[in-house]
Amino acid sequence: HMLAGEPGQGKTSLVLQLAANVAKNGDSVLFVSFEESLQRLAFKAVCLEAGLEMKPYAEGQGNPLVLEVAFKQIGPALKRLHFIEGNSHLTISQLKAKALQLREKNKTGKCLVIVDYLQRWAAARKDFSEFRHVVSSLVSDLREFSLRIDSPVLVISSQNRSGQGTSFLTSLKESGELEYSADSALFLVGNKERFPREPARAVDLKIEKNRYGDRGSIELLFRPDIGRFQEI
């Protein structure tokens with residue numbers, strides 16, 4: 001499953017919220033980040049669940065006691081959410097082993113795997129092929145990996161600069177293999193016709209491909225200050 005959108009639309013926040021919901025519902029989640037530190041992701045997950053504004057704490061101005069209480073209250077509910085750092089040495093085999101290990105540890109049937117994000121992983125691979133071939137190979141490997149562990153894989157993809165702000169399948173960076181291999185393709189697109197009260201922003205989640213279901217658009221409100229999306 002592929003999620004794309006221009007920078008700043010909240011892709012990482014949306015998948016982090018999905019990950020937290022899946023973990024709270026009792027399934028394992030493996031979140032692979034090539035973008036942010038694991039400490040910051042854990043911090044964002046707790047702020048999201050607690051409804052705390054992240055900026056004051058990121059700048060060292062928030063009340064640490066409030067954050068400590070939030071971690072103690074929310075931490076146990078997110079115990080099935082695991083973060084690992086993406087790097088040039090990470091392989092599909094290692095990812096598979098970790099996902100199976102988490103399923104066994106947590107006694108869960110599924111393990112949602114999230115990759116943030118695809119092109120950064122492809123760039124980190126030590127390969128002298130053309131970049132589009134590296135992306136294509138990685139997508140094929142991830143699809144096979146998803147089938148082998150019988151669990152969904154959600155991958156964030158960047159868009160071509162000319163396609164940012166749109167929901168065209170062709171806007172996916174190195175799009176050839178992506179648009180054909182993905183079971184679903186989702187796009188976060190800003191909506192300039194709705195005017196919510198600040199700091200909320202109007203965003204649409206456009207489902208442009210859905211192999212096993214409907215296509216369409218879901219109207220969302222995004223609160224970047226706490227990293228939370230709300231469906232209208």
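The values are calculated or read from the model by the stated rules, or taken from the named source; none is laboratory data. Keep in mind it's a predicted model, so treat the numbers as computed, not measured. Reconstructed Cβ throughout: ideal geometry from the backbone, glycine too, with neighbour counts over all protein chains shown. Only protein heavy atoms, including side chains, enter the accessible area calculation; ligands, DNA and RNA are left aside. Shrake-Rupley method; radii C 1.70, N 1.55, O 1.52, S 1.80 Å.
With each label point set 7 Å from Cα along the Cα-Cβ vector, what nm distance links S37 and Q94?
2.0 nm
Residues of the range 108-209: accessible area per residue at 1.4 Å, in Å²? Please list the in-between numbers first.
Details: 5210 Å² over 102 residues.
Accessible area per residue: 51 Å².
With contacts defined as alpha carbon pairs under 8 Å and 6 or more residues apart, what's the relative contact order of the chain in percent? Walk me through the numbers before you get to the answer.
Numbers: 413 pairs, mean separation 63.1, N = 232.
For the chain, the relative contact order is 27 percent.
Just name one of S184, I207, P196: the one whose Cα is farthest towards the positive end of the charge dipole of the range 158-232 (beta-carbon charges, Lys/Arg +1, Asp/Glu -1).
Going by the charge dipole, the pick is P196.
Leaving ligands, DNA and RNA out of it, report the carbon-plus-sulfur percent of the accessible area of the range 169-220 at a 1.4 Å probe. Don't skip to the end; give the middle numbers.
Details: 1440 of 3080 Å².
Ligands and nucleic acids excluded, carbon and sulfur give 47 percent.
Once the piece of chain linking R120 and R132 is laid out straight, how much longer is it, given 0.36 nm per residue of separation minus the C-alpha distance between them? Write out the running numbers ahead of the final one.
On the way: separation 12, 0.36 × 12 = 4.32 nm, distance 1.24 nm.
Result for the pair: 3.1 nm of gain on full extension.
Could you give the alpha-carbon Rg of the chain over 2.2 N^0.38 Å, rounded to two decimals? Working shown, then result.
Numbers: Rg = 17.7 Å, N = 232, 2.2 N^0.38 = 17.4 Å.
Against the empirical 2.2 N^0.38 Å value, I get 1.01 for the chain.
Would you work out the relative contact order for the range 166-228, in percent, from Cα pairs under 8 angstrom that are 6 or more residues apart? Write out the running numbers ahead of the final one.
Working: 100 pairs, mean separation 17.6, N = 63.
Averaging sequence separation for qualifying contacts and normalising by length gives 28 percent for the range 166-228.
Which loop trypsin sites (Lys or Arg not before Pro) in the range 191-232, with loop taken from DSSP, have no more than 16 other Cβ atoms within 10 angstrom of their Cβ? Working shown, then result.
Values: sites: K192, R194, R197, R201, K206, K209, R211, R215, R228; in loops: K192, R194, R197, R211, R215.
Passing sites in the range 191-232 are K192, R194, R197, R211, R215.
Where in the chain is the longest stretch that carries no chymotrypsin sites (Phe, Trp or Tyr not before Pro) classed as loop by DSSP and with at most 11 other Cβ atoms within 10 Å? Numbers along the way, then the final one.
On the way: sites that count: F128, Y212.
Segment 1-127 is the longest.
Quick one: which residues, 5 or more positions from S217 or on another chain, have an amide H under 5 Å from its amide H? H modelled 1.01 Å from N in the peptide plane, none for Pro or chain starts.
Residues meeting the amide H criterion: I207.
Per residue of the chain, what 222 nm ellipticity follows from adding -39500 (n - 2.57) for every DSSP H run with n ≥ 4, rounded to the nearest 500?
Working: 8 runs with 91 residues, N = 232.
Calculated at 222 nm, the ellipticity per residue is -12000 deg cm²/dmol.
For the range 98-176, which trypsin sites (Lys or Arg not before Pro) are both in a DSSP coil and crowded by at most 13 other Cβ atoms within 10 Å?
On the way: sites: K98, R103, K105, K107, K110, R120, R125, K126, R132, R143, R148, R161, K173; in loops: K107, K110, R125, K126, K173.
Taking the range 98-176 and a limit of 13 other Cβ atoms within 10 Å, the loop trypsin sites (Lys or Arg not before Pro) found are K107, K126.
Over all directions, average the projected area of the Cα convex hull of the range 1-135 and note it in nm². Before the final figure, lay out each step's value.
On the way: hull surface 37.2 nm².
Directional mean of the projected Cα hull area for the range 1-135 stands at 9.3 nm².
Calculate, for the range 11-80, the solvent-accessible area per residue in square angstrom, rolling a 1.4 angstrom probe over the heavy atoms of the protein chains.
Result: 49 Å² per residue.
Starting from 0.36 nm per residue, how many nanometres of slack lie between L18 and A77 once their C-alpha separation is accounted for?
Details: separation 59, 0.36 × 59 = 21.24 nm, distance 1.38 nm.
Gain in length upon complete extension: 19.9 nm.
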